[in-house]
Amino acid sequence: MFEHKTFSRAAAIAAIAGLAGLSPARAEDTVKIGLILPMTGGQASTGKQIENAIKLYIQQNGETVAGKKVEIIVKDDAAIPDKTKTAAQELIVNDKVNFIAGFGVTPAALAAAPLATQAKIPEIVMAAGTSIITERSPYIVRTSFTLAQSSTIIGDWAVQNGIKKVATLTSDYAPGNDALNFFKQNFTAGGGEVVEEVKVPLQNPDFAPFLQRMKDAKPDAIFVFVPAGQGGNFMKQYAERGLDKAGIKVIGPGDVTDDDLLNNMGDAVIGTVTAHLYSAAHPSQMNKDFVAAYKKAFNSRPGFMAVSGYDGIHLIYEALKKTGGDTDGTKLVEAMKGQKWESPRGPISIDPETRDIVQNIYIRRVARSKSDGELYNVEFQVFEAVKDLGKTKK
Amino acid sequence: MSIRIDPVSMTSILTNLFDGVAYGMLLFVIACGLAVTLGLMNFVNLAHGAFAMAGGYVCMLLVNQHGWPFFAALPLAFVSSAVIGIVLERTLYRHLYARSHLDQVLFTIGLAFMSVAAVDYIQGSSRVFINLPAALQGQFDVFGVGIGRYRLMIIVICGLLTIGLQMVLAKTRFGSRLRAAVDDPRAASGLGINVPQVFAFTFAFGCGLAGLGGALSAEILGLDPYFPLKFMIYFLIVVTVGGSSSITGPFLASLLLGIGDVAGKYYVPKMGPFVIYTMMIVILIWRPNGLFGRTAAR
């Protein structure tokens, strides 16, 4: 059940009191999942989406699996690694959880890694996207994505589609640098030229001078990676400065045009081409049902974070089915390796060697939908079963 | 990465100058209220950005949810921040005027954190935008110099405000009362000036300006619940560099920092974010009391 910690503790005490003398409380009948998510702060939308998606999955699939009752304990870390670590410690030591999951940003996922190794429990990463994460503990399994996946693909696509000169604008932190390096690697290998490279500070108030520099460099396109929340600001200033009219396209990994925020970005964003793992407009029946159910339950559109959470809890359910309810961490991770299933985003699997996700990467163009008038990323090309190239290159 | 842009290209210099002036003007409108409370009233108000944020959110709600025209919502952003300011001044701030600076800092930073949490709770943590009229969007070219319409509007509004403020302070009866109340509160009240009233009014006006600045800055700086903390450092730099004895100092400091920040990010993007701090350090080594500071501050 979905309960925050204090409630679950109160419930446990009540249950013990009620059952006293009848039968001992049987902890082995429940599976506890500790969700560590940014529920407040700048990354709160990530946490909200993942929590929603997990709620939805449990609603649809029942709260018992392999004869065990699933109990979710949510902890807010506000995307601050120190808090993640404390939360993970409390969950493991006090609540004796069987899984830790969530992790909005890379530093949070890394902070929990040594604890997962020590306690021998699976850490399911549902958001953070730097390649190295899964190498930090043999108990980490990822259901989100890596920046290498989308950035290399958009690099390849750009070369194949006549984009020769690119200026890059990326946020100056680990995921931004990952995105930049993987894009550059494939784009220049294909014969493209990076004419201008700007790293903007993560807390950047004003893109104007950077964009002016981009405009004066006259590239065919700008490669952009900024954290999801800043995408709207970027697109507005891009249009204000008339870069769209100067014929400079925007390309990048799909974080810039996250479904969560896309519809508020205005017409300037139309035509932006991104490579990403999920679009709410993905044309499968499964996705249509998923989007409809999510909208009905939470009155908003699911984004790639929601899908990663949805797939994360699915993976936990499947692993438990495979072990027959055995909650031994090592066995659970073994059971997760090589899992294959159909997700709202398309067919995905867990690479048995790296415990990282293998998925299709779609090239999408932003367009206004004729049916509901909203802005969507419309997929028009697929690169199938993309592994994390950040690791396979090594 | 070599700089492939002709550094002496006249149009790019002018475009950057224009952007820098607009940015500086914006900083000034938000920060001049702080210059007044800190310099004239000798009160450290770290929650100043919260009033700017309040104005921004009021404007956003009026325009986006109630369909007000943008230009009608701007004065209301001013009024609402001023009203919040006067209520807080009468109920809370008043008691801290005579306290030490440390008490003032602790109190106002607490207030800033509370405002962050409150807005996060009510409005959510994601960044919000104000729907602008089409007339304010985009750029037009004047001899190849890109002029952003929105930024031009900021320069016009803020320029007029600055002139107005200077006139009020220097030429009106209220201005002289305020200066008297600041210079020697005891003598001023002896002359029949209602000092607390003058201070309350000035405080509210400073908050109102911040609110207006917050509404104007949503488009350029982005508006979210962390606004008061994210930009606090910028406001403080403006006041420190400008010196807090007049409004001319902060005005020139804002322009200098705005232009310096934009030009720094354009010409040396690798160093861009540090330019503003480097300028502050250099100026403060050269003139420890700020550009226009009184050498013997009280």
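Nothing in this text is a laboratory measurement; each read-out follows from the coordinates by a stated rule. Owing to the predicted nature of the structure, the values given are computational and were not obtained by experimental measurement. Ideal geometry is used to build each Cβ from the backbone, glycine not excepted, and the neighbour counts take in all protein chains shown.
Per residue of B:269-277, what is the mean number of Cβ atoms on other protein chains within 10 angstrom of that residue's Cβ?
Working: counts 9, 4, 0, 8, 8, 1, 0, 0, 0.
If you average over the peptide's residues, the count of other-chain Cβ atoms is 3.
Mean residue ellipticity at 222 nm from the helices of chain B, using -39,500 (n - 2.57) per DSSP H segment of n ≥ 4 over the full residue count, to the nearest 500 deg cm²/dmol?
Values: 12 runs with 201 residues, N = 298.
It lands at -22500 deg cm²/dmol.
Near the amide H of residue A:250, under 5 Å away, which other amide H atoms are found, from residues 5 or more places off or on another chain, if H is placed in the peptide plane?
A:222, A:273
For residue A:298, what charge total do you get from the other residues with a beta carbon under 10 Å from its beta carbon, if Lys and Arg give +1 and Asp and Glu give -1? Write out the running numbers ahead of the final one.
Details: positive: A:48, A:55, A:295, A:296, A:301; negative: A:51.
So the environment of residue A:298 carries a net charge of +4.
Tell me, what HN-Hα J-couplings in whole Hz come from the Karplus equation 6.51 cos²θ - 1.76 cosθ + 1.60 at θ = phi - 60° for each residue of the range B:41-51, using x for Gly and Pro?
9, 6, 10, 8, 10, 6, 8, 4, x, 5, 5
Could you tell me how many degrees, from 0 to 90 and to the nearest 10, lie between the Cα long axis of helix A:208-217 and the main elongation axis, the longest principal axis, of the Cα atoms of chain A?
50
Let me check the size of the range B:10-225 from its C-alpha atoms; what are the radius of gyration and Dmax in Å?
According to the Cα coordinates of the range B:10-225, Rg and Dmax are 18.6, 60 Å.
Does the protein assembly as shown come out rounded, prolate or oblate by the C-alpha gyration tensor, with a ≥ b ≥ c the root eigenvalues, rounded set by a/c under 1.5 and, if not, prolate when a/b is larger than b/c and oblate if not? Intermediate results must be reported in sequence, preceding the final value.
On the way: a/c = 2.27, a/b = 1.46, b/c = 1.56.
Oblate shape, in that a/c is at least 1.5 and b/c is the bigger or equal ratio.
Which of A:209, A:138, A:175 moves the most in a Gaussian network model of chain A with Cα springs under 10 Å?
Greatest mean-square fluctuation among the candidates belongs to A:209.
How large is ³J(HN,Hα) for each residue in the range B:119-133, as worked out from phi by the Karplus curve 6.51 cos²θ - 1.76 cosθ + 1.60 (θ = phi - 60°), to whole Hz, x for Gly and Pro?
So the Karplus estimates, Gly and Pro as x, are 5, 4, 5, 7, 10, x, 8, 7, 6, 10, 10, 9, 5, 8, x Hz.
Would you list which aspartates and glutamates come within 15 Å of residue B:265, measuring only between C-alpha atoms, while excluding same-chain residues fewer than 8 positions from it?
List returned: A:172, A:196, A:197, A:206, A:216, B:19.
Measure off 7 Å from each Cα along the Cα-to-Cβ vector at residue A:300 and residue B:103, then give the distance between these two points in nanometres to one decimal.
4.3
Cut-off is 10 Å between beta-carbons; in what order do B:127, A:142, A:345 appear when sorted fewest neighbours first? If you can, show how the numbers build up before the last one.
Details: B:127 21, A:142 28, A:345 25.
Fewest-to-most Cβ neighbours within 10 Å comes out as B:127, A:345, A:142.
Taking amide H atoms as placed 1.01 Å from N in the peptide plane, list the residues 5 or more away in sequence, or in a different chain, whose amide H sits under 5 Å from that of residue A:225.
When sequence neighbours closer than 5 places are left aside, the close amide H contacts are A:169, A:170, A:171.
Students often get this wrong, so check it: of A:48/A:331; A:245/A:296; A:85/A:199; A:288/A:322, which have C-alpha atoms separated by over 32 Å? Could the numbers behind the result be given before it?
Numbers: A:48/A:331 30 Å; A:245/A:296 38 Å; A:85/A:199 29 Å; A:288/A:322 28 Å.
As for pairs spanning more than 32 Å Cα to Cα, those are A:245/A:296.
Report, in debye and to the nearest 20, how large the dipole of the range B:110-230 comes out about its Cα centre when Lys and Arg carry +1 and Asp and Glu carry -1 on their Cβ. Intermediate results must be reported in sequence, preceding the final value.
Details: 9 positive and 6 negative charges, 72 e Å.
Charge dipole, the range B:110-230, about its Cα centre: 340 debye, nearest 20.
Going by how many other beta carbons lie within 10 Å of each one, how would you line up B:125, A:369, fewest first? Display every interim value, and only then the final one.
Working: B:125 23, A:369 13.
Neighbour counts put them in this order, fewest first: A:369, B:125.
Using only Cα atoms, locate the centre of the range A:119-183 and the centre of the range A:200-241, then give the distance between them in Å, rounded to an integer.
Answer, in whole Å: 20.
Under the Kirkwood approximation applied to all pairs of distinct alpha-carbon atoms, what is the hydrodynamic radius of chain A in Å?
Working: mean 1/r = 0.0465 Å⁻¹.
Result for chain A, one decimal place: 21.5 Å.
Between rounded, prolate and oblate, where does the range A:252-343 land on the alpha carbon gyration tensor, with a ≥ b ≥ c its root eigenvalues, rounded for a/c under 1.5, else prolate if a/b exceeds b/c?
On the way: a/c = 2.98, a/b = 2.18, b/c = 1.36.
Cα axes put the range A:252-343 in the prolate bin.
May I ask you to list the GluC sites (Glu not before Pro) in the range A:65-145 that are in a DSSP loop and have at most 10 other Cβ atoms within 10 Å of their Cβ? Can you show the working numbers first?
On the way: sites: A:71, A:90, A:123, A:135; in loops: none.
Qualifying residues, ordered by number: none.
Hey, what do the phi angles of the range B:157-167 turn into as Karplus ³J(HN,Hα) couplings, whole Hz, using 6.51/-1.76/1.60 and θ = phi - 60°, x for Gly and Pro?
Going residue by residue, I get 4, 5, x, 4, 4, 5, 4, x, 4, 4, 4 Hz, with x marking Gly and Pro.
Rank these for me by crowding, B:173, B:149, going from fewest to most other beta carbons within 10 Å.
B:173, B:149
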